[in-house]
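Chemist: Mind having a look at this structure? Questions to follow.
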Amino acid sequence: METQDKGFNTRLIHAGAFEDAYGSATVPIYQSSTFKFKSARHGADCFSGKSDGFIYTRIGNPTIRALEQNIASLENGRDGIATSSGMGAITSVYMALLGSGSHIISSDAVYGPARGVLEQDFSRFGVEATFVNTSHLDQIVDAIRPNTRLLYIETPANPTMELTDIAACAKIARDNKLILVVDNTFCSPYLQKPLDLGADVVLHSVTKFINGHADIVGGVIVSNTPELCRKIRHCMVYMGCNMDPTQAFMVLRGVKTLAIRIERAQENAMQVAEFLQQHPKVSWVRYPGLKSHPQYALAEKQMAGFGSMMSFGLHGGYQAGEKLMNHVHLALLAVSLGGVETLIQHPASMTHAGISPENKLAAGITDDLVRLSVGIEDVGDIIADLESGLHNV
Ligand code: LCS
């Protein structure tokens, strides 16, 4: 079905789906590593691009293609590239668009390994990286060098929940011939559409909101620029960062309920944030939906809702946070985020442990910061769990 003129909720269910020989209601799992050519000429045409038939699953597969087209449609993009994980998406983009002697400017608060792989690995191949607080646009402009190629942002940032103005970054990128890449994992296309705001590339860990059920790991990259799609797909295929057909099937299943999951989770999150904000043991709460968030106005401007991620600190610092995490029962003490279940974790010792203590501090990832991904359970139960946990702090 042609879905580009359909609404977002319709596209969640139908975009990318195709009719198979049996009229399957869902896109089947094409669990095949390779595909038979109709003739030697057809095989040659598939390789040269004259025919768009499938060749080999690392290069492309019908189930994976359906997911790529689904997410591309949700992001208002031209093409999608599915990857084995969110990190597979990030490293494919870095590999495709950076090279020896080139420079990337990135948010200092990003998912730990997205920064770590630049500092520890891409640096070995002569890629230079500068990390700044991209919430302050002047810091971006000051960091631009003649060899800067990429501007990479994550908004809201993991785990500080600081926001970066995507449209303003797109203007800086245009004026300076940079490619703007946005990690949209914390929002999903339901809440934020970076390509509409001028970004060149948007990527996701679909492990999180898009799949939403904490049962697979995966990633996706979307762009509107054919040349960028071509370059990134080439690197993804050569590095073997491809998704698996069963993974794609699971994500196609999960994404159908994205809108209703996010609606419920963000309704819960607002109540949880308000509860935490008034609690005497809580020293600060960072949630884009609270007027106390320093960029509340930007959240209202560029996000269609405030999401269900937040971070907060306790007056008792790290020890208090540790006690809280050991005394909650409903919230799972686990990394990852964006699933139907509420998760709590301590970034400084967990997801961002690979970043040096100085860099963590400079990025606002303080030792007292606790991160919460609010799920879709009954909100009264989530709050009661936090309340009893805080009682033990
Ligand atoms: N981007 C963001 C914003 C993330 O939060 C993560 C993972 C990734 C990319 C990488 O995706 P993956 O390879 O795991 O699919 N974030 C995690 C987190 O905060 N806790 O555990 C994983």
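The values are calculated or read from the model by the stated rules, or taken from the named source; none is laboratory data. What you see is a predicted model, and the numbers here were worked out from it, not measured in a lab. FYI the Cβ positions are ideal-geometry reconstructions off the backbone, even for glycines, and counts take in every protein chain you see.
Chemist: Just checking, which of Ser311, Ser292 is crowded, with 16+ Cβ neighbours inside 10 Å and closer than 19 Å to Ile365 by Cα? Write out each step before concluding.
Modeler: Values: Ser292 fails: crowded, with 16+ Cβ neighbours inside 10 Å.
The match here is Ser311.
Chemist: Please pick out the residue among Tyr238, Tyr190 that is assigned to a helix (DSSP H, G or I) and either more than 13 Å from the ligand (Cβ to nearest atom) or modelled with pLDDT of 95 or more (or both).
Modeler: Tyr238
Chemist: Looking only at segment 82-100, count how many residues are of a type in the set (A, V, I, L, M, F, W, C), touching a Phe, Trp or Tyr at 6+ places or on another chain (Cβ under 9 Å) and surrounded by fewer than 24 Cβ atoms within 10 Å (Cβ to Cβ).
Modeler: Of the residues in that region, 3 qualify.
Chemist: Among the residues of segment 144-187, count how many are more than 16 Å from the ligand (Cβ to nearest atom) and assigned to a helix (DSSP H, G or I).
Modeler: Here the count works out to 9.
Chemist: Taking the residues in segment 331-342 that are surrounded by fewer than 22 Cβ atoms within 10 Å (Cβ to Cβ) and without any contact (Cβ under 8 Å) to a residue 60 or more places away in the chain as candidates, determine which candidate is farthest from His213 (Cα to Cα).
Modeler: Leu333
Condition check ((1) closer than 15 Å to Ala248 by Cβ; (2) within 22 Å of the chain's Cα centre (by Cα); (3) without any contact (Cβ under 8 Å) to a residue 40 or more places away in the chain) across all residues:
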site	(1), (2), (3)
Arg11	no, yes, no
Gly16	yes, yes, no
Ala21	no, no, yes
Phe37	no, no, yes
Ser48	no, no, yes
Tyr56	no, no, yes
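Chemist: Given the structure, is Ser373 closer than 28 Å to Val255 by Cβ, among the polar types (S, T, N, Q) and outside the structural domain of Met250 (by TED's automatic domain parsing)?
Modeler: Considered against the rule, which asks whether it is closer than 28 Å to Val255 by Cβ, among the polar types (S, T, N, Q) and outside the structural domain of Met250 (by TED's automatic domain parsing), Ser373 comes out as yes.
Chemist: Evaluate the following for Met350: is it in contact with a helix residue (DSSP H, G or I) (Cβ under 8 Å, 6 or more places away or on another chain) and within 14 Å of the ligand (Cβ to nearest atom)?
Modeler: For Met350, the condition - in contact with a helix residue (DSSP H, G or I) (Cβ under 8 Å, 6 or more places away or on another chain) and within 14 Å of the ligand (Cβ to nearest atom) - is not met.
Chemist: Separate question: Being away from the ligand (no atom under 16 Å from the Cβ) and either of a type in the set (S, T, N, Q) or farther than 29 Å from Ala40 by Cα (or both) is the requirement here; does Val127 meet it?
Modeler: yes
Chemist: Further question: Near the ligand (Cβ under 10 Å from one of its atoms) and polar (S, T, N, Q): which single residue out of Ser85, Ser102 fits that description?
Modeler: Answer to the check: Ser85.
Chemist: In segment 221-232, which residues are buried (at least 23 other Cβ atoms within 10 Å of the Cβ) and either touching a Gly at 6+ places or on another chain (Cβ under 9 Å) or hydroxyl-bearing (Ser, Thr, Tyr) (or both)?
Modeler: Ile221, Val222, Ser223
Chemist: Out of Ile29, Ile64, Ile59, I need the residue that is of a type in the set (A, V, I, L, M, F, W, C) and in contact with a strand residue (DSSP E or B) (Cβ under 7 Å, 6 or more places away or on another chain). Which one?
Modeler: One residue alone meets the criteria, Ile64.
Chemist: Quick one: would you say Ala214 is farther than 30 Å from Ile344 by Cβ and either away from the ligand (no atom under 12 Å from the Cβ) or touching a residue at least 12 places away in the same chain (Cβ under 8 Å) (or both)? Reasoning before the result, please.
Modeler: On the way: farther than 30 Å from Ile344 by Cβ: no; either away from the ligand (no atom under 12 Å from the Cβ) or touching a residue at least 12 places away in the same chain (Cβ under 8 Å) (or both): yes.
In short, no.
Chemist: Please state which one of Gln302, Gln345 is closer than 27 Å to Ala259 by Cα, of a type in the set (S, T, N, Q) and touching an Asp or Glu at 6+ places or on another chain (Cβ under 8 Å).
Modeler: Numbers: Gln345 fails: touching an Asp or Glu at 6+ places or on another chain (Cβ under 8 Å).
Among Gln302, Gln345, only Gln302 is closer than 27 Å to Ala259 by Cα, of a type in the set (S, T, N, Q) and touching an Asp or Glu at 6+ places or on another chain (Cβ under 8 Å).
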